[in-house]
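Chemist: Below you'll find the structure I mean.
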Protein chains: 4
Amino acid sequence: MKLRFAMIGGALDSFMGPVHRLSATMDGDAEMVAGSFSRRDEKNRAAGERWHIPVDRLYTDYRELLAKEAHSLDYVIICTPNSTHIEIATAAIEAGLAVACDKPVDRSLEPAVPFARFARDKKALMMVTHNYSGYPMIREARVMCAKGYLGTVQRVVVEMPQGWLQGMIATAGREPEMWRLDPDIVGPSLAMADVGTHAHHLTEFVTGLRVTSLFAEKNSYLQTSTLENDANLLMRFGNGASGVLMVSEIALGDRNPFRLRVYGTKLGIEWIQEYPERLVLKEPSGNERILYRGHSADAESTAWSRIPIGHPEGYLEAFANLYSEFHRAVLDRKANRSGTGYLFPTIDDGVRGLRFVQAALTSYSAGRWTEIDGGES
Amino acid sequence: MKLRFAMIGGALDSFMGPVHRLSATMDGDAEMVAGSFSRRDEKNRAAGERWHIPVDRLYTDYRELLAKEAHSLDYVIICTPNSTHIEIATAAIEAGLAVACDKPVDRSLEPAVPFARFARDKKALMMVTHNYSGYPMIREARVMCAKGYLGTVQRVVVEMPQGWLQGMIATAGREPEMWRLDPDIVGPSLAMADVGTHAHHLTEFVTGLRVTSLFAEKNSYLQTSTLENDANLLMRFGNGASGVLMVSEIALGDRNPFRLRVYGTKLGIEWIQEYPERLVLKEPSGNERILYRGHSADAESTAWSRIPIGHPEGYLEAFANLYSEFHRAVLDRKANRSGTGYLFPTIDDGVRGLRFVQAALTSYSAGRWTEIDGGES
Amino acid sequence: MKLRFAMIGGALDSFMGPVHRLSATMDGDAEMVAGSFSRRDEKNRAAGERWHIPVDRLYTDYRELLAKEAHSLDYVIICTPNSTHIEIATAAIEAGLAVACDKPVDRSLEPAVPFARFARDKKALMMVTHNYSGYPMIREARVMCAKGYLGTVQRVVVEMPQGWLQGMIATAGREPEMWRLDPDIVGPSLAMADVGTHAHHLTEFVTGLRVTSLFAEKNSYLQTSTLENDANLLMRFGNGASGVLMVSEIALGDRNPFRLRVYGTKLGIEWIQEYPERLVLKEPSGNERILYRGHSADAESTAWSRIPIGHPEGYLEAFANLYSEFHRAVLDRKANRSGTGYLFPTIDDGVRGLRFVQAALTSYSAGRWTEIDGGES
Amino acid sequence: MKLRFAMIGGALDSFMGPVHRLSATMDGDAEMVAGSFSRRDEKNRAAGERWHIPVDRLYTDYRELLAKEAHSLDYVIICTPNSTHIEIATAAIEAGLAVACDKPVDRSLEPAVPFARFARDKKALMMVTHNYSGYPMIREARVMCAKGYLGTVQRVVVEMPQGWLQGMIATAGREPEMWRLDPDIVGPSLAMADVGTHAHHLTEFVTGLRVTSLFAEKNSYLQTSTLENDANLLMRFGNGASGVLMVSEIALGDRNPFRLRVYGTKLGIEWIQEYPERLVLKEPSGNERILYRGHSADAESTAWSRIPIGHPEGYLEAFANLYSEFHRAVLDRKANRSGTGYLFPTIDDGVRGLRFVQAALTSYSAGRWTEIDGGES
C-alpha cells in the first residue's frame, strides 16, 4: 500500500508546493490524499482540483486537517512561510506524524533550538529539505571525500549566484514589492537564510567537515529593504581548511549555477548545478577526469539514478531522492524496523543552517571573525 | 477524476517501462491501475508490487487485460518489443481505448501502412513516443522556425552519437549476446530504426521541412551481427536545403549528446540534449545568443516548463510533456470536445520514420540517392 | 646567424601574409629580408615599410626578386593566389631555394602532379602549409593513434563549419562580389578546396589512415556563383573505418570550430580548434579524461609548446610549429646534415589534397562512391 | 628602422624572458640587439646564442650593458627577480632609456614609492607588465563599462585559481625547494603579490573603479614556508560596490582559469582566460549573449586583434598588445611627438598593486577591514 501524505501550504502559485508533490510521488510509492494548500478557500480548492484531492479532504485550517486526517496519514509536507514551520511541525509531531518541512526551519535560531529538542524528545521523524544533497553526483562526491580520494581538504569555494532580483528591477525600472523583502516576515536575513543555508549544508554534506568560524560581508543594493541580497563569507573549517561562500540575488543574468569546488591535497572536485550530471575531478597533473552520472567509479551515482545516462535527470529527481530515503524511514518505523543510514537532512541540519546565519549576522555587525556555536546539534 | 491507464510490457528491468510510468503520472492527472508488464508471471508480479497494482489487476496475457479492464481504462501504454506493437495496438483500438505506443511502430514499413489506415478509419487516438520533441527548448526552436526567424533553412546537421555497444565490447573483451542484435527480432535495421527515427522526427518537427531524399552509408563493426550499429546519411529537403544525419552505437564514450543544428539565411540554431535547457542562436555577426528555458523571447519554453529556470529539468519532464498533450486529447474526447493542436507525435509520424528507414536501406543497397515515399502519411 | 627569407605575395590586406611572417619569425631564428608582397607598387611598399624591409629589397616582380636576392636567401614564402603557386615555386626551386607555399598547391590536380615530380627530381625542400597539423594537442592525438591507444579506428567525423559567407549576405542584404567566388580564379571547387583539404589532411595526419573512397554532396546557396559553399562527404578508409567530412561557408554564426572526432575500439578522442589546448579522451565507461597542452601523458604536446599551460596558445603558435620544423630542415640541408622526421606537410600532402578534391567532384557528378587515386604521392 | 632593445634577466630557463622577447618582437617593429640574460656567463651565452645576439653584445653585468649599449638602445626589458627591479630600472632611466619591467615593482611598497617619484620627476617612460589587460575581450569589456552598458557596477568576483604548487607536492610526495617560497627573496607575500596584483589590476582596469578597502584571509598550507599560497579577499569599491578576490596556488588541478565577473544594474559580464576570445554578457532576462573577438559591437576587440576570429589568439598576442602601445609611446617620444592614451600599465599601476598587497597584509594581521592608501599614485 502506498504511503499517504497531506501537504500544508504549497498552493499552485508557489514554487515549492508543486516541487514537493512531484518529488514525493515520483516513484509511485506515496500518494497525496489530503491538503491544506492555502488558508484562502479559493486557492485551496484550485490546488485540490488540480491534484485530484476530494473536496471533503481539503482544509483551510491545518489544525482541522490534523484533527480529521492524522489517523489516515503517514506524514505531512510543510511548505508554508518560514515563520509558521515550527508551529505546524509541532502540531504534526504531536499528532504522531512524520514531517517533511521546507527550509529554513524558522526566521531565526531562537525558536528552532527548543523545537529541535522537542522533536528529539519525541523521537520525531523529520526531514528538512536541503534538497541539493539529493543530486547523484553530489552523493558521488561525498563518497569520494569520505573514502579519502581527495586527501586532506584545504580549500572550498561554494557559490549560488542568482540575478532574479536585479533582473526584476532592471526589467521593471523599479524595485518589486514582495513579502520576501520584508524583515518582519522573513526575519533578519534574506540571501544568507534563503540560499546561503543550502550552500552551507551542501559544503558540509560533501566534505564531511564543519564550518567552525566565518567572516561575513553582506550588502543590500535596494532602496526599499535593508535585507541583504548579496553576501560573501570567508570560512574556516575544523580541519584547518578555509574557503569562500558567496550568495547573491543581484548577480544579473545568473540563473543559479550553484557551484561547489573542493580542493584536497590529492584531488580537486567541482560540481555545477547547471550540468548536474557531471563531476569534474582535477588531478595533480592539471588534467581532468569527468565522471558522469551512472558511469562513476564507486557506483554511488548509479544507486541514486532513475534513468540511464544519456537521458538527463535534473532537480526533481534529486529532490525525489530525499523522499526515497524519507519514505524508507517512514516505512521502517511503520514496520517497527530499526533502519539506519537514511540519507536525508534532518532537523539538526536545519538548525545548523540557522546557527550559520546567526554567526554571519554577528560577524558582519562586529567586523570580525565569529565562531559558529556547535550547540546541541 | 484522474485518467486511468494500464501498461503492457515495460517490466522493471526494461528501460522504457519506468520512463513511461513516471512521465504519464508526473502531473498527477493519471494513474496506472492495471498492468501486463511481462508474460512471465514473476516479472509481472514484481513490477505490480513495486508500482502498487493490486494482484487481481495483473495479467500475463494482454488479451485478458483488455477483456477484463477495458471498461475501466482510458488508455493503454505499449512498451513491448517492436514486433508486437501493431498486434497489441490493434486490439486496444478495437477495445475502444486510446493508445500510447513506443517507437518504432514495427520492425518494418509493410505492416505499419495498413495499420495506420486502420487506426485512421477507427479515428483512434494514438501517440507514438518520439519523445525528444517534448523538450521545452526544442518546442521553442520549432516556433522560431515557424515564425521565420531563421529565414530560409539551408543546412541541417543532426546526430545521435552513442558508444554503449562498443563500450560493452571494450569492457567485456567480447561482443554481447543481445536480442537487439538479432535481425529476426528487431528487423533489418538497428541504429537507423532505433535512434535514427528519433533524429529524423526531431529534424522535421523543428524545421517544419520534409526530408525528400537521402543517401545512406551504414556499417556493422560486429562479428556476430550484420545489423548496422553506425550510419551516416546525407539528406535533401523539400525546400532545397540539405544536411547530414548521423547515428552510432560504436561512438566510444559518447553518452548520447543528441545534437541538432539548423542553419538559415538569417539565423542558425543549435541544441544539445546534454544541456537541454539551452538553445544557442548563431547570429550573422558570428556572435551568439543563448536562450534558456523559461527566459525565451516567445515564452514557448515557459509554457512547457514545470519549474523555474535555475533548477534543471531533463528527459522525464520532456517525456511528460507528450503525456500532458495526450491526456488533454483523451480528456477532450471523453468529454466529446473537439480539441485541436495537440502537440504529440501520432501514428503518421511513426510511419514516416519507417519510410525513412526503408529509403535508407534501399539507398545503401543501390549506392544511390533515394526518394522517401510521401505515402499516405 | 638567422635564416633569411623573402615573401612573395601576402601584402598587408591579405589574411595569410601576416600570418606567415609572424609564424616564421616567432622563434627569432629567421628574418624576412626582402619581399615581393604585391605586383602593385603602392601595396608592395606599404608592406615593406610596415615590416622594415629596405626599399631596395622590394620587388613588384617576383622574378626580379629571385634574380637579385636568391644568393642571399635561404627560402621563400609563397602566399600568392593559388593559380600562381606552381609557377613561382618552380622558379624558386630552380634558383636553389627552399619553399614554403600556402595551400592548395594549385586550382586543380593536373598541373600539380608533374610539378610534384619536378620537385622530387630536384630534391627540393618544400612545405605546403596545412597548418592545423601544428597544434600541440593534434600532435599529441597523432602519437596516441600511432601508439595504438585507440585500438582500431572505426569512425571519424571531421568538420569545419564556417558562416562568414552567409554572414556577409545576411548583413549586406546581397551577395558579395569576390574573386574567391569566381571559378576562373579559384578553380572548380571552393569550400572543398579551401578548407576541405585542411580537414582531409588533418584526418589523415592524426589517424595515420588513408581515405580510400568517398561520396560527395555539394551545394551552392548563392545566385551568383556555382562554386560550392557547402559540402558533406562520406568517407571510407583503408582499414575499413568510415566517416563524415563536412565543410560549409554558410553555417551561419559558426566562426570556425574545426572539430575532429576519432572513435577507436578502445578509446575515442575529440579536438575542437576553439579550445585548442584540450584533447578529450572518451572512455568505454562513458566518462571522459581531458588532457591539456603541456600536461599530457606522452609529453608530446609539451615538446610543441612555447609557454606553460594556463597561458593560452593559439593559431600562430601552431603555425609557427610548422616553421620550426621547416627551419630545422633548412639548417640541416645548409650544413649538409641528413636529418629525418621533419614534421611538416610536404608537396606530397598538397597533392593528396587535390586528389581528394578531384575525387569529390567526380563523385558528385556521377552520384556514386569514388576511389581516391593513390597516385605517385 | 626597428626599435632596438636589450633584455636584462630572462634567460632560457625563465618563464618570462622568452615571453617578453616573443611579445616585443611579434609585430616586427622592434629587435633585441643586446642582453644581460644572466649573471652566469654560461646561461647568458646560451640565451644569446639561441636569440642570435652577437657575443660582444652579451654582458653578465647589467651596468656594463648600460654603459656600453645605452646609446644604441631605445629601451630595456627587465625580467630579473623582484628585489632587483628598482635598482636596474633606476640605472636605465638615468641612462636615458625607456623601461619595460616585469611585475611586481618590488618585494614591498616602501622602496617603490620613492622610485615612482623619481621616475615621475625624470619623466621616464616605464611600463609594468600587468599583461592580462592586453586581451582584446578585456579591452572590449573595459569600453563597455566605460560607456555605461552595465549601469552601476554592484558586484565583482575575480579569481586566479592555480594548482601548480600542490600539484608539485602531490606528485613528488614532498614540498619543493624553491626560491619563490623564501620570504627573504620574494618579500612578505607570495600569492597575493605574484598573482593577486594581476587580479587587482585587471579588476580596476576593466571596471574603472578603485578598490578602497579590503578584508584579507590568507593561508599557507606548506610546512616549510610561511608565505601564503592561498588567499581570499573581500573588497569594497569607491562607488559602493563590493566583491571578492581569490588567488591560490594549491587549487589542485586548476591551470589558471583567470576569471572576472562584473555585475551591474543593467548587465553582467564574464571573462575566463581559458577561453580568452569570449565575453559573456548576462542579461536581465537570464539569457546570455556571447561576444567573440573581432565580432563585437564596439569593434574594440577588432582593434586589438592580429588575425580574424576562428583562428585562436592567446596569451602572447595579448602580451604583445602591451608592447604595441609601449612601442608607440617610445616612437612618439623619439620623434618629440606628444602622444596620449597609451594603453599600457605604468609605474603608478605597479605601485597601486603593492599598496593592495600591503593593505591585505595589514588586514590579515589586524583581523579587520583596511583601507588602501590612495597615496601619490
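The values are calculated or read from the model by the stated rules, or taken from the named source; none is laboratory data. These numbers come from a predicted model, not from an experiment. Neighbour counts run over all protein chains shown; Cβ positions are idealised from the backbone, glycine included.
Chemist: Just wondering, is there one or more residues in the range A:284-307 that are away from chain D (no Cβ under 14 Å) and more than 19 Å from residue B:255 (Cα to Cα)?
Modeler: Checking the range A:284-307: not a single residue is away from chain D (no Cβ under 14 Å) and more than 19 Å from residue B:255 (Cα to Cα).
Chemist: Would you confirm whether any residue within the range A:330-340 is of a type outside the set (A, V, I, L, M) and buried (at least 22 other Cβ atoms within 10 Å of the Cβ)?
Modeler: no
Chemist: On to the next question. Do we find a residue being polar (S, T, N, Q) and touching a Lys or Arg at 6+ places or on another chain (Cβ under 6 Å) anywhere in the range C:26-49? Outline the logic, then answer.
Modeler: So in the range C:26-49, the residues polar (S, T, N, Q) come out as C:36, C:38, C:44.
In the following step, the residues that additionally are touching a Lys or Arg at 6+ places or on another chain (Cβ under 6 Å) were identified as none.
Checked the range C:26-49: no residue is polar (S, T, N, Q) and touching a Lys or Arg at 6+ places or on another chain (Cβ under 6 Å).
Chemist: Shifting gears a bit: Please enumerate the residues belonging to the range C:7-23 that are touching an Asp or Glu at 6+ places or on another chain (Cβ under 9 Å) and either at negative phi or not in a strand (DSSP E or B) (or both). Spell out the reasoning first.
Modeler: We begin by selecting, within the range C:7-23, every residue touching an Asp or Glu at 6+ places or on another chain (Cβ under 9 Å); these are C:9-10, C:16, C:20, C:22-23.
Listed by number, the residues that qualify are C:10, C:16, C:20, C:22, C:23.
Chemist: Can you say whether residue A:180 is surrounded by fewer than 24 Cβ atoms within 10 Å (Cβ to Cβ) and farther than 21 Å from residue A:348 by Cα, as far as the supplied structure shows? First the steps, then the outcome.
Modeler: Details: surrounded by fewer than 24 Cβ atoms within 10 Å (Cβ to Cβ): yes; farther than 21 Å from residue A:348 by Cα: yes.
Considered against the rule, which asks whether it is surrounded by fewer than 24 Cβ atoms within 10 Å (Cβ to Cβ) and farther than 21 Å from residue A:348 by Cα, residue A:180 comes out as yes.
Chemist: Follow-up question, since we're still on this one. For the range B:349-373, give me the residue count where each residue is within 21 Å of the chain's Cα centre (by Cα) and either crowded, with 23+ Cβ neighbours inside 10 Å or in contact (Cβ under 8 Å) with a residue 24 or more places away in the chain (or both).
Modeler: Going through the range B:349-373, the residues within 21 Å of the chain's Cα centre (by Cα) turn out to be B:349-361, B:372-373.
With either crowded, with 23+ Cβ neighbours inside 10 Å or in contact (Cβ under 8 Å) with a residue 24 or more places away in the chain (or both) added as a condition, the list becomes B:349-361, B:372.
Selection size over the range B:349-373: 14.
Chemist: Out of curiosity, is residue C:80 closer than 14 Å to residue C:100 by Cβ and without any contact (Cβ under 8 Å) to a residue 24 or more places away in the chain? Give the steps one after another, and end with the answer.
Modeler: Values: closer than 14 Å to residue C:100 by Cβ: yes; without any contact (Cβ under 8 Å) to a residue 24 or more places away in the chain: no.
So residue C:80 fails the test.
Chemist: Hey, can you tell me all the residues within the range A:250-265 that are among the β-branched types (Val, Ile, Thr) and either in a loop (DSSP other than H, G, I, E, B) or within 8 Å of another protein chain (Cβ to nearest Cβ) (or both)?
Modeler: A:250, A:265
Chemist: Quick one: in the range D:1-21, which of the residues that are modelled with pLDDT of 95 or more and within 11 Å of chain C (Cβ to nearest Cβ) is surrounded by the fewest Cβ atoms within 10 Å (Cβ to Cβ)?
Modeler: Result: D:3.
Chemist: Can you say whether residue A:218 is at the interface with chain D (Cβ under 8 Å from one of its Cβ atoms) and among the basic types (Lys, Arg), as far as the supplied structure shows? So that I can check it myself, show each step before the final result.
Modeler: Details: at the interface with chain D (Cβ under 8 Å from one of its Cβ atoms): no; among the basic types (Lys, Arg): yes.
Taking the combined requirement at face value, the residue does not satisfy it.
Chemist: In contact with a Leu (Cβ under 6 Å, 6 or more places away or on another chain), at pLDDT 95 or above and in the same structural domain as residue C:260 (by TED's automatic domain parsing): is that true of residue C:163 in this structure?
Modeler: Values: in contact with a Leu (Cβ under 6 Å, 6 or more places away or on another chain): yes; at pLDDT 95 or above: yes; in the same structural domain as residue C:260 (by TED's automatic domain parsing): yes.
Spelling it out, residue C:163 is indeed in contact with a Leu (Cβ under 6 Å, 6 or more places away or on another chain), at pLDDT 95 or above and in the same structural domain as residue C:260 (by TED's automatic domain parsing).
Chemist: Would you tally the residues in the range D:339-370 being in contact with a helix residue (DSSP H, G or I) (Cβ under 7 Å, 6 or more places away or on another chain), of a type in the set (S, T, N, Q) and away from chain A (no Cβ under 14 Å)?
Modeler: 1
Chemist: Report, by residue number, each residue of the range A:355-374 that is in a helix (DSSP H, G or I) and within 18 Å of residue A:244 (Cα to Cα).
Modeler: Here is the first cut: in the range A:355-374, the residues in a helix (DSSP H, G or I) are A:355-366.
Passing the criteria: A:355, A:356, A:357, A:358, A:359, A:360, A:361, A:362, A:363, A:364.
Chemist: Oh, and also: Filter the helices (runs of 4 or more DSSP H) completely within the range B:156-249 down to those with at least 1 residues that are closer than 25 Å to residue C:254 by Cα.
Modeler: Details: elements: B:164-172, B:183-186, B:197-207.
Of the helices (runs of 4 or more DSSP H) lying wholly inside the range B:156-249, those with at least 1 residues that are closer than 25 Å to residue C:254 by Cα span B:197-207.
Chemist: What residue, among those in the range B:97-138 that are out of contact with any Leu (no Cβ under 7 Å at 6 or more places or on another chain), farther than 25 Å from residue B:362 by Cβ and among the aromatic types (Phe, Trp, Tyr), is surrounded by the fewest Cβ atoms within 10 Å (Cβ to Cβ)?
Modeler: Top of the filtered list is B:118.
Chemist: Would you confirm whether any residue within the range D:89-104 is touching a His at 6+ places or on another chain (Cβ under 6 Å), of a type outside the set (Lys, Arg) and modelled with pLDDT of 95 or more?
Modeler: Yes, the range D:89-104 contains a residue that is touching a His at 6+ places or on another chain (Cβ under 6 Å), of a type outside the set (Lys, Arg) and modelled with pLDDT of 95 or more.
Chemist: Can you pull out the residues in the range A:227-243 that are surrounded by fewer than 24 Cβ atoms within 10 Å (Cβ to Cβ) and either within 20 Å of residue A:282 (Cβ to Cβ) or more than 7 Å from every other protein chain (Cβ to nearest Cβ) (or both)? Spell out how you get there, then give the answer.
Modeler: Of the residues in the range A:227-243, the ones surrounded by fewer than 24 Cβ atoms within 10 Å (Cβ to Cβ) are A:227, A:234, A:236-242.
Hits for the range A:227-243 are A:227, A:236, A:237, A:238, A:239, A:240, A:241, A:242.
Chemist: Answer yes or no as to whether residue A:94 is of a type in the set (Asp, Glu) and within 14 Å of chain B (Cβ to nearest Cβ). Quick ask: steps written out before the conclusion?
Modeler: Working: of a type in the set (Asp, Glu): yes; within 14 Å of chain B (Cβ to nearest Cβ): no.
Here the answer is no, as residue A:94 does not meet what is asked.
Chemist: Turning to a different aspect of this structure: Count, please, the residues in the range B:27-73 that happen to be of a type in the set (D, E, K, R) and within 14 Å of another protein chain (Cβ to nearest Cβ). Full working, then the answer.
Modeler: Residues of the range B:27-73 that are of a type in the set (D, E, K, R), as a first pass: B:27, B:29, B:31, B:39-43, B:45, B:49-50, B:56-57, B:61, B:63-64, B:68-69.
After this cut, where a residue has to be within 14 Å of another protein chain (Cβ to nearest Cβ) as well, the list is B:27, B:29, B:31, B:49-50.
Summing the residues that are of a type in the set (D, E, K, R) and within 14 Å of another protein chain (Cβ to nearest Cβ) in the range B:27-73 gives 5.
Chemist: Answer yes or no: is there a residue in the range A:38-56 that is under 30 Å from residue A:357 (Cβ atoms), surrounded by 23 or more Cβ atoms within 10 Å (Cβ to Cβ) and at pLDDT 95 or above.
Modeler: yes
Chemist: Would it be correct to say that residue B:277 is more than 14 Å from chain C (Cβ to nearest Cβ), closer than 30 Å to residue D:309 by Cβ, of a type in the set (Asp, Glu) and in contact (Cβ under 8 Å) with a residue 40 or more places away in the chain?
Modeler: On the way: more than 14 Å from chain C (Cβ to nearest Cβ): yes; closer than 30 Å to residue D:309 by Cβ: yes; of a type in the set (Asp, Glu): yes; in contact (Cβ under 8 Å) with a residue 40 or more places away in the chain: yes.
Yes: the conditions hold for residue B:277.
Chemist: Take the residues of the range B:117-164 that are out of contact with any strand residue (DSSP E or B) (no Cβ under 9 Å at 6 or more places or on another chain) and of a type in the set (A, V, I, L, M, F, W, C): which is nearest to the other protein chains (Cβ to nearest Cβ)?
Modeler: So, considering only residues that are out of contact with any strand residue (DSSP E or B) (no Cβ under 9 Å at 6 or more places or on another chain) and of a type in the set (A, V, I, L, M, F, W, C), the one nearest to the other protein chains (Cβ to nearest Cβ) is B:164.
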